[in-house]
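The structure appears right after this line, and notes come after that.
Coordinate-derived values only; no laboratory data. Computed from a predicted model, the values in this text were never measured in an experiment. All Cβ positions, even for glycine, are placed from backbone atoms using ideal geometry, and neighbour counts span all protein chains on display.
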Amino acid sequence: MKKIICSFVILFISQLTFANELDSILTKARSLTEKKNYTEAIKEYENYIKLSKGENLKDVYIEVANCYFYQNKKETAVNYIKDAISKYGFTEEDFIYSSILDEKLSSYALSVVYDDYFKLRKKYLATLN
């Protein structure tokens, strides 16, 4: 019985450590973004995405898109927004009301994505079944 309890305690502590590691990566990425060090921020965001194993990453994808947009890499920024739509359910309302998405990127990306939006949205909805 003690071995089982010890195993659960070790597992619990390792999960907390992993969660703290993820939080610190995301905090670092956001700090680099604030400092306009977009290349390094993107690396940290990508590391976070890789380690988080597909949890809801909609906002993170938008933050990466912003970084690419600030580097004038509009096509890559739009691709991240397309992924946010098809993988995590980013909506038309998000284009309008998101406090994360850069306003200029929102206008630009919506005009580029508009014709494909419903196809991308269907792809997301299919993952819910």
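Observations on the structure shown:
- In order along segment 104-119, the Karplus-derived 3J(HN,Hα) couplings, from 6.51 cos²θ - 1.76 cosθ + 1.60 at θ = phi - 60°, round to 5, 5, 4, 4, 5, 5, 4, 5, 6, 7, 3, 5, 9, 3, 5, 5 Hz, and Gly and Pro are given as x.
- Helix-only mean residue ellipticity at 222 nm for the chain, each DSSP H run of n ≥ 4 adding -39500 (n - 2.57), per residue, nearest 500: -26500 deg cm²/dmol
- Under a model in which nothing but the beta-carbon of Lys, Arg (+1) and Asp, Glu (-1) is charged, the chain shows a dipole of about 500 debye around its Cα centre.
- Exceeding the 20 Å Cα-Cα cut-off - candidates K53/K73; K36/K104; K50/K119; K50/K74; K58/K82: K53/K73; K50/K119; K50/K74
- Cα shape, the chain, gyration tensor, a/c 1.5 rule: oblate
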